[in-house]
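As structure tokens, the structure follows; a few thoughts come after it.
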There are 2 protein chains.
Amino acid sequence: VIYAVTPTYWRHVQKAELTRISQTLQLVPNVHWIVVEDSDYKTDLVRNLLTESDLIYTHLNAKTPPFEKLKDKDPRWKRHRGVEQRNTALKWLRENLKLGKDKGVVYFMDDDNTYNVRVFQEMNKIKTVGVWPVGLVGGLNAETPVLDKKTGKVMGYRSGWRPDRPFAIDMAGFAINLDLILSRTDAVFSYKMEKGYQESEFLSYFTTKEQLEPLADNCTKVYVWHTRTEKPVVNGIVPGLEV
Amino acid sequence: VIYAVTPTYWRHVQKAELTRISQTLQLVPNVHWIVVEDSDYKTDLVRNLLTESDLIYTHLNAKTPPFEKLKDKDPRWKRHRGVEQRNTALKWLRENLKLGKDKGVVYFMDDDNTYNVRVFQEMNKIKTVGVWPVGLVGGLNAETPVLDKKTGKVMGYRSGWRPDRPFAIDMAGFAINLDLILSRTDAVFSYKMEKGYQESEFLSYFTTKEQLEPLADNCTKVYVWHTRTEKPVVNGIVPGLEV
Ligand SMILES: O=c1ccn([C@@H]2O[C@H](COP(=O)(O)OP(=O)(O)O)[C@@H](O)[C@H]2O)c(=O)[nH]1
Ligand SMILES: O=c1ccn([C@@H]2O[C@H](COP(=O)(O)OP(=O)(O)O)[C@@H](O)[C@H]2O)c(=O)[nH]1
Ligand SMILES: [Mn+2]
Ligand SMILES: [Mn+2]
């Protein structure tokens, strides 16, 4: 089972984003979608979308504390995003699944990225931690682990930002075996981690660079893109249209 | 058969956009995807994507004349987009399909919008021209035909821009029966149409406001959003990654 963890928050494009993601997941066999709303309560918008999706899902919510919330004028890198929500999903996994009995991988799947369904086929090969390129991130057409030609193992990273990080990999560029997630119960995301180091610090709980499993045809194929959707100008709300 | 006509042009997000659209269409039974590249020749990127999609498709190309091409600094409304490509698709339909024998509807499906698969179920009900709301367009959360409560027919439009147009409907908000497309061979898009009047003038060949068929639960549901993807900053290209 692939446990796909999606933090999400209200804005005008939210329903469109979640519609795209849910339709992508409909093409994936054996997926369990864990949607964590950044809000004090579960909204009808997300509840209806999940009910109508025909997917196996879990609907959670966890509000980002106000002091960590991104302000409209703040640059995007200024604050961690999705920390609270991903941790809530980790807690749910650890409370509801059993090490040794439940099998699968955990993937952090933001609501605005673009996912080729092939990336989920790759995940089914993962024994510990699998990695692959991510398109359109950090000022490059793609970031990617760099492989040693002889051993086929990861020896470094091509990344537009701090390729010297222990794991210079975007959230969309790895998935972790459920056994590891359930064993290392201390592994969580944290506001104390340096900005841009969430992925690297989280992965450090589970693996080393040498142990990473390069996927997507030896990291030569791009199956996921770090796309972002323009914030639309909305000056008026038409009443009577269903959320 | 739903003939979905998609104009597309090269930019860094193109493959991501077409991946999303092709995966949406994989959930639609009986669709024929007509992809028209805005280029002098067919590219490997699009060719490979189509070959790997498992969809029934037709791959065409037609370059927008340079004088009509949107400049980077131009505001988006300044030029018509997709005119050449949609006309090339119309020409293909009229040359390759037979009135009376081939049945279906024609839908103009831009590569960057978001489509709920339910919009395609609605299209199967169309006898002449079907219409429905479109989310996130013209400064509103959604544009929509306004129905007469008694007759259930279209009596006007809620639209952020010129609701007084004969048909104040976005390209994503209608589909046309193939019989009509094949009968009115003079109906094409044109650079001579006033900016923002392409849809309205094109629809005028086929129908009247009174004849429109309102779909999506009497135009109360939003199944398509006029989303746009941010142009990513790309300063570097990593070699050796597959297009
Ligand atoms: O206040 C916020 C901002 C973002 N997110 C979610 O966190 C993930 C990452 O956010 P975003 O895509 O904005 O980050 P970036 O594109 O900058 O990596 C997405 O699934 C968002 O829906 C959230 O739950 N609350
Ligand atoms: O130079 C161009 C610009 C746009 N398009 C295509 O025409 C359609 C409409 O363009 P766009 O989405 O940019 O328009 P808007 O969002 O402003 O309606 C899309 O399918 C684009 O891929 C194109 O073929 N050539
Ligand atoms: Mn994002
Ligand atoms: Mn568009």
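Values in this text are rule-based calculations from the coordinates and carry no lab data. The structure presented is a predicted model; accordingly, all values stated were derived computationally and were not measured. Cβ atoms come from the backbone with ideal geometry, glycine included; neighbour counts cover every protein chain shown.
Descriptive notes on the structure:
- Quotient of Cα Rg and 2.2 N^0.38 Å for the range A:123-243, N being how many residues it contains: 1.28
- In the protein assembly as shown, the calculated helix contribution to ellipticity at 222 nm averages -6500 deg cm²/dmol per residue, counting -39,500 (n - 2.57) for every DSSP H run with n ≥ 4.
- Beta-bridge orientation, the protein assembly as shown: approximately 40 percent antiparallel, per DSSP, counting only bridges with both partners inside.
- Charge dipole (Cα centre; +1 on Lys/Arg Cβ, -1 on Asp/Glu Cβ; no other charges) of the protein assembly as shown amounts to roughly 400 debye.
- When the alpha carbon gyration tensor of the protein assembly as shown is reduced to an equivalent ellipsoid, its three semi-axes come out at 41, 25, 21 angstrom, largest first.
- Taking all pairs of distinct alpha-carbon atoms in chain A, Kirkwood radius in angstrom: 18.6 Å
- Residues with amide H under 5 Å from that of A:Val137, placed H, sequence gap 5 or more: A:Ala142, A:Glu143
- Net charge dipole, the range A:105-184: roughly 480 debye, given to the nearest 20, about the Cα centre with Cβ charges of +1 for Lys and Arg and -1 for Asp and Glu.
- For B:Tyr157, nonlocal amide neighbours, meaning residues 5 or more places apart or on other chains whose placed amide H falls under 5 Å from its own, are B:Val146.
- Residues A:Val5, A:Val31, B:Val188 arranged by fewest to most Cβ contacts within 10 Å: B:Val188, A:Val31, A:Val5
- Rounded Å value of the spacing that divides the Cα centres of the range A:177-243 and the range B:95-137: 35 Å
- The modelled label-to-label distance between B:Leu45 and B:Arg184, using points 7 Å beyond Cα along the C-beta direction, is 3.4 nm.
- B:Lys231 paired with B:Glu95, simple spin-label distance in nm, labels 7 Å along Cα-to-beta-carbon: 3.3 nm
- Estimated FRET transfer efficiency (B:Arg79, B:Leu27; beta-carbon r; R0 30 Å; 0.05): 0.35
- Within the range A:86-243, percent of DSSP bridges classed antiparallel, to nearest 5: 85 percent
- For A:Met193, no residue has an amide H sitting under 5 Å from its own, ignoring neighbours fewer than 5 places away on the same chain, with H placed 1.01 Å from N.
- With label points set 7 Å from Cα along Cα→Cβ, the inter-copy distances at A:Lys101 are 6.2 nm, sorted shortest first.
- Sites A:Ser204 and B:Thr220 - FRET efficiency at Förster radius 41 Å, r taken between beta-carbons, to 0.05: 0.25
- Karplus-derived HN-Hα couplings along the range B:159-167 (A = 6.51, B = -1.76, C = 1.60, θ = phi - 60°), whole Hz, x at Gly and Pro: 8, x, 9, 6, x, 7, 4, x, 10
- Top of B:Asn30, B:Asn87, B:Asn96 by mean-square fluctuation, Gaussian network on chain B, Cα under 10 Å: B:Asn96
- This model, with +1 at the C-beta of Lys and Arg and -1 at the C-beta of Asp and Glu, gives the range B:184-243 a dipole about its Cα centre of some 180 debye.
- Principal axis dimensions, the range B:1-50 - Cα atoms, whole angstrom, descending: 30, 19, 15
- Taking 7 Å steps out from each Cα toward its Cβ at B:Thr58 and A:Thr128 produces label points 5.3 nm apart.
- Shortest-first distances to equivalent copies, position A:Asp44, nm, label 7 Å out along Cβ: 5.2
- Cα gyration tensor shape for the range A:139-207, rounded if a/c is under 1.5, else prolate or oblate: oblate
- Sorted from nearest, the other copies put their A:Lys195 label points 3.8 nm away, the label point being 7 Å from Cα in the direction of Cβ.
- Phi to ³J(HN,Hα) by Karplus 6.51 cos²θ - 1.76 cosθ + 1.60 over the range B:184-189, Hz, x for Gly, Pro: 8, 5, 8, 7, 9, 7
- Loop-resident GluC sites (Glu not before Pro) (DSSP state other than H, G, I, E or B) in the range A:160-243 with no more than 15 further Cβ atoms inside 10 Å of their Cβ: A:Glu194, A:Glu230, A:Glu242.
- For the listed residue pairs A:Lys15/B:Lys195; A:Lys150/A:Lys192; A:Lys91/A:Lys125; A:Lys127/A:Lys150; A:Lys15/B:Lys125; B:Lys153/B:Lys231, the alpha carbons are over 31 angstrom apart in A:Lys150/A:Lys192; B:Lys153/B:Lys231.
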